[in-house]
DNA sequence: TATAGTTGTAACAAATATTATTACAACAAG
DNA sequence: CTTGTTGTAATAATATTTGTTACAACTATA
């Protein structure tokens, strides 16, 4: 299955915060309207980003902001924050393979190292892109649109 | 979400075919017993591997076999064959972002290239590992187990 | 100190995806 | 023609994701 939309929504949210923080108060309602999702979904997601030290959310009067330098936040940080994959493992195994079969009882030890290597390649690439890069891309796209 | 267990099950199945083809007739029941899954799940999976030209399945009298050189089958071939991700896209987007928001209406053009680059890194790594490598790993693990 | 607007979170509902099961026609080989 | 098997449809069970409702906790301000 695909990686949860929570990840792309989180990136969307970060772009929005950066893009509109001067003009608007960044409430969960405002963000939800750009994403076209439920405000509670956005609030839960902001809580995850907050736990990861990426955003600050003000209770009561409201408003979210990014609390780290944009080029110190990588796509991997966001990906990790929103817990797209169970237990940090990208690949899912079928439960309870047959312990009486030599392949069944060893399937994890056979595959784990290779799969981890593949997962590392994905994560390395995610670590090489920052939210600053993404915000730059965003500004370029929005500017080009107006031509 | 994690990548469907169909992928690891498919690899498991290929290892089993290679490991036991001399001793056993490779029926869906035999494979299902090693994986500990339903035989129909295995048959559907074998159909997908067959469509991809990886295995041959004999109807009637029964039996599956790998119909390609093991080092000509990469993990990516298997991954693609079992269609773990919707439409070949690893990352899922929330549907219908707000077209009235500059970020909402451009989110795909903003992110697509970066996400594709990340996906490519994953796929490249998958292409670098063959079923022959995995079968070698498997034989080593099973041999070590007996020490 | 009300009031208005907001977050944080629980509880629940709906939608979607995955995996399992049952059933049976089509087939191959003795 | 019997036995064992595949191919596949239909359906069910389970799990996961996403959405919704509700409301207490909180902040700022009139």
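The values are calculated or read from the model by the stated rules, or taken from the named source; none is laboratory data. Keep in mind the model is a prediction, meaning the values are calculated, not measured. Neighbour counts are summed over all protein chains in view; Cβ atoms, including those assigned to glycine, are modelled from backbone coordinates with ideal geometry.
Quick notes on this one:
- Some residue of the stretch A:73-89 being within 11 Å of DNA strand C (Cβ to nearest atom) and surrounded by 13 or more Cβ atoms within 10 Å (Cβ to Cβ): no
- Residue under evaluation residue B:60, criteria (1) within 16 Å of DNA strand C (Cβ to nearest atom); (2) over 25 Å from residue A:104 (Cα atoms); (3) facing another protein chain (nearest Cβ under 10 Å), criterion not met: (3)
- Residue in the stretch B:51-70 that is part of a helix (DSSP H, G or I), modelled with pLDDT of 95 or more and within 12 Å of DNA strand D (Cβ to nearest atom) present: yes
- Only residues that are closer than 17 Å to residue A:138 by Cβ and either more than 9 Å from chain B (Cβ to nearest Cβ) or in contact (Cβ under 8 Å) with a residue 60 or more places away in the chain (or both) were counted across the stretch A:15-29, and they come to 9.
- Within the stretch A:31-40, the set of residues being crowded, with 17+ Cβ neighbours inside 10 Å and either near DNA strand C (Cβ under 6 Å from one of its atoms) or under 20 Å from residue A:77 (Cβ atoms) (or both) comprises A:31, A:35.
- Residue count for the stretch A:85-104 satisfying the condition of being touching a helix residue (DSSP H, G or I) at 6+ places or on another chain (Cβ under 6 Å) and facing chain B (nearest Cβ under 7 Å): 11.
- Qualifying residue in the stretch B:73-81 (condition: within 30 Å of residue A:81 (Cβ to Cβ), touching a residue at least 60 places away in the same chain (Cβ under 8 Å), within 14 Å of the chain's Cα centre (by Cα) and away from DNA strand D (no atom under 15 Å from the Cβ)): yes
- Checked against the criterion of being closer than 21 Å to residue B:93 by Cβ, surrounded by fewer than 23 Cβ atoms within 10 Å (Cβ to Cβ) and either at pLDDT below 95 or near DNA strand C (Cβ under 8 Å from one of its atoms) (or both), the stretch A:9-28 contains one or more residues that satisfy it.
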